[in-house]
Amino acid sequence: MRFEGKSVLVTGGAAGIGLGIARAFLEEGATVLIGDFRPDVLEQTSAGLRAEFGDRVLSQPGDVRNAAEVAAMLDRLTARTSRVDVAVSNAGIYPNKLVVEMTEEEWDRVFDINCKGTFLVCREAARRMIEQGHGGNIITMSSGAARSGRITAAHYCASKAAVTMFTRVLAVELAQYKIRVNAIAPSLINTESPVNPLPAWRVEEAEQNAPLGRLGQPRDIAKAALFLASDEAEFITGEMLAVMGGSGAARNR
């Protein structure tokens, strides 16, 4: 119960990695606001979690590309708890398209969600943490793709590299307020996401090349988020924590 009495925002929290992170903080005693752009999925997920964790589960539909909707998420959280201790900017997309086939709209959508969305969530959370005056933790979602390019994912790889550098700069800017900012860089995580479907060959290739013999699971990323937001990581800020099962170190073949 390391986060008992703490207040946490998780964007993109209705499924996949975000849901894993939200559940982990709930299990550790936090009150968690789940934000997601899919109201139907969000309501279904929230109802299931409330059956387990009661009124510590909050939800607010919203698009991270919209500053007013991001603010509404944090308004809903602070209306209940009067504080925000942890903000996890998780919402993101990872479509696949060769550069020569990619449209401007497809490029812009990835950057709007992955980069602008991260900026808006972090900015709003930071402003409120500064006003509260008791520090806080912000966690962004980078990727192993920020360090190693992948065919059909130029827009995604570039967006995650941008998120990584944004995280580093923000960490330095907010250090004076005792707000720590770190990024998590997952490898391919087995989420079976309807929003971000992956071709079967991509999943098979990742499984074959996984040094630990399996794909990552949402719980693997959730554990990293708990660590980074905990007192055990009090001297860690501006870092990208790779949670990749060894896939960033070498390939099996």
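The values are calculated or read from the model by the stated rules, or taken from the named source; none is laboratory data. Small disclaimer: the values here were computed from a predicted structure and weren't measured. A quick note on method: Cβ atoms are made from the backbone with ideal geometry, for glycine too, and the neighbour counts reach across all protein chains shown.
Take Q44 and tell me if it is in contact with a helix residue (DSSP H, G or I) (Cβ under 7 Å, 6 or more places away or on another chain) and either farther than 24 Å from A224 by Cα or in contact (Cβ under 8 Å) with a residue 60 or more places away in the chain (or both).
no
Condition test on I184, is it buried (at least 21 other Cβ atoms within 10 Å of the Cβ) and under 16 Å from G248 (Cα atoms)?
Yes; evaluated as a whole, the condition is true for this residue.
From T167, T140, which residue is touching a residue at least 40 places away in the same chain (Cβ under 8 Å), in a strand (DSSP E or B), of a type outside the set (D, E, K, R) and surrounded by 15 or more Cβ atoms within 10 Å (Cβ to Cβ)?
T140
From the list R127, R150, R180, exactly one residue is of a type in the set (D, E, K, R) and touching a residue at least 24 places away in the same chain (Cβ under 8 Å). Which is it?
Numbers: R127 fails: touching a residue at least 24 places away in the same chain (Cβ under 8 Å); R150 fails: touching a residue at least 24 places away in the same chain (Cβ under 8 Å).
It is R180.
Taking A206 as the residue in question, decide whether it is modelled with pLDDT under 95, over 19 Å from the mean Cα position of the chain (by Cα), in a loop (DSSP other than H, G, I, E, B) and of a type outside the set (F, W, Y).
In short, no.
So if I check each of D55, D85, D63, which one is surrounded by 15 or more Cβ atoms within 10 Å (Cβ to Cβ), under 26 Å from R2 (Cβ atoms) and of a type in the set (D, E)?
D85
Check R76, R80 and return the single one that is in contact with a helix residue (DSSP H, G or I) (Cβ under 9 Å, 6 or more places away or on another chain) and of a type in the set (D, E, K, R). Even if it seems obvious, please write down each step before you answer.
Values: R76 fails: in contact with a helix residue (DSSP H, G or I) (Cβ under 9 Å, 6 or more places away or on another chain).
Among R76, R80, only R80 is in contact with a helix residue (DSSP H, G or I) (Cβ under 9 Å, 6 or more places away or on another chain) and of a type in the set (D, E, K, R).
Using the structure shown, decide if R76 is under 22 Å from G135 (Cα atoms), charged (D, E, K, R), touching a strand residue (DSSP E or B) at 6+ places or on another chain (Cβ under 7 Å) and in a helix (DSSP H, G or I).
So R76 passes the test.
Restricted to the range 146-169, and to residues that are at pLDDT below 95 and among the β-branched types (V, I, T), which residue is farthest from S247 (Cα to Cα)?
T152
Within the range 220-253, how many residues are of a type outside the set (S, T, N, Q), at pLDDT 95 or above and more than 22 Å from G20 (Cα to Cα)?
Residues in the range 220-253 being of a type outside the set (S, T, N, Q), at pLDDT 95 or above and more than 22 Å from G20 (Cα to Cα): 4 in total.
When you go through V121, V163, V169 one by one, which is the residue that is within 18 Å of the chain's Cα centre (by Cα) and farther than 24 Å from G20 by Cα?
Working: V121 fails: farther than 24 Å from G20 by Cα; V163 fails: farther than 24 Å from G20 by Cα.
The conditions single out V169.
Is there any pair with a first residue in the range 66-80 that is free of Cβ contacts under 8 Å to residues at least 12 places away in the same chain and a second that is not in a helix (DSSP H, G or I) and not charged (D, E, K, R) whose Cβ atoms are under 7 Å apart and which are 6 or more apart or on different chains, and what are they?
Here the result reads E69/G62, each pair linking the range 66-80 to a residue that is not in a helix (DSSP H, G or I) and not charged (D, E, K, R).
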